[in-house]
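Quick notes on the structure that follows.
The values are calculated or read from the model by the stated rules, or taken from the named source; none is laboratory data. Just so we're clear, the structure is a prediction, and the values are computed from it rather than from any experiment. Neighbour counts run over all protein chains shown; Cβ positions are idealised from the backbone, glycine included. Protein only, heavy atoms only, side chains kept; ligands, DNA and RNA dropped before computing areas. Shrake-Rupley method; radii C 1.70, N 1.55, O 1.52, S 1.80 Å.
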Amino acid sequence: MQNRYEGRSVLLTGVAGDIGRTYLHQFVEAGAYVVATDLQDAADTGQSAVDEANSLGTGKAVFVPADITAADDMDKAVRTAADAFGRLDALVNNAAIYQGLGPKRPLTELTEQDWERVLRVNVVGTWQAIRAAAPALRAGGGGRIVNIASVVSRNGAAGFAHYVASKAAVEGLTRAAARELGAAGTTVNAVSPGLVDDTGSRAVNTDEYMERVAATRSIPRAMLPTDLVSAVMWLAGPDSGFVSGQTVIVDGGGVFA
Ligand SMILES: NC(=O)c1ccc[n+]([C@@H]2O[C@H](COP(=O)([O-])OP(=O)(O)OC[C@H]3O[C@@H](n4cnc5c(N)ncnc54)[C@H](O)[C@@H]3O)[C@@H](O)[C@H]2O)c1
């Protein structure tokens, strides 16, 4: 994988989270030029992730504060790729409300506001980033879009029905975008992670639940953010040009679907 990203430009959202930061480091280490985004409220953490990445490798990253639900913000992030790096080759739609879900609750206790917030960010925001990036990807010859789903849409994990539904919608959006953007040469795929042992998961799950899920995998161990890197980098990179509309589950063989 090393150096396959030299000269390639990637727009990556949600870099202030543990998983986004891991993707960012790996992309820059592989030589990519990365426009790294997160909310203004998370700008300090996002900027530190970018500073760390820039000390690692041959590529380069810049931080742009951007709310994925705001059209202007996403247009600005895409323009930054063109201005700073001259092109855009891939969008990795990693930002979502996950850690911010708070404690698990029965679906009978969710409010309409809970639903609207989660669907707005996880679904509308994912679309907003695709909308903004599609013309720049097309202009560069097609490009790649990788959306981050979740195995919860397959196993129906109890306690956050709105989040489960939002990630099922991300898979549907992935297929629709693959159909619509394919003629321009753009591939659109999803990576569906299992339960990752990171700050986000520890905020919304008990230690006992984390251990139980890890033990039921075919590969019975905790999943780390680094376990996701090769699938994301393959689908966002030059070698996956005839793969589109797919969801790749990366969860140590927990869910088979
Ligand atoms: N951690 C897991 O176990 C797990 C499992 C399956 C899927 N995922 C998915 O992987 C991705 C990363 O997960 P994580 O654990 O790092 O989550 P996280 O909650 O720690 O990080 C998500 C990041 O997205 C940002 N974000 C939230 N709303 C935003 C908005 N409107 N605009 C821009 N940025 C926004 C947050 O500020 C945060 O930095 C998410 O899409 C999550 O749903 C995580």
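Brief remarks on what is shown
- Test result for Arg131, at pLDDT 95 or above, within 13 Å of the ligand (Cβ to nearest atom) and over 18 Å from Val248 (Cβ atoms): no
- Elements of type helices (runs of 4 or more DSSP H) in the range 170-257, at least 1 residues being under 21 Å from Ile145 (Cβ atoms): 229-236
- Top-ranked residue of the range 2-54 - restricted to ones that are open to solvent by 10 Å² or more (accessible area, probe 1.4 Å) and in a strand (DSSP E or B), ranked as farthest from the ligand (Cβ to nearest atom): Tyr33
- For the residues Ala168, Ala77, the requirement of being within 13 Å of the ligand (Cβ to nearest atom), open to solvent by 40 Å² or more (accessible area, probe 1.4 Å) and not basic (Lys, Arg) singles out Ala168.
- Residue satisfying all of: in the range 80-91; touching a residue at least 40 places away in the same chain (Cβ under 8 Å) and charged (D, E, K, R); most open to solvent (accessible area, probe 1.4 Å) among these: Arg87
- Checked against the criterion of being near the ligand (Cβ under 10 Å from one of its atoms) and in contact with a strand residue (DSSP E or B) (Cβ under 6 Å, 6 or more places away or on another chain), the candidates Ala178, Ala231, Ala190, Ala149 yield just one match: Ala149.
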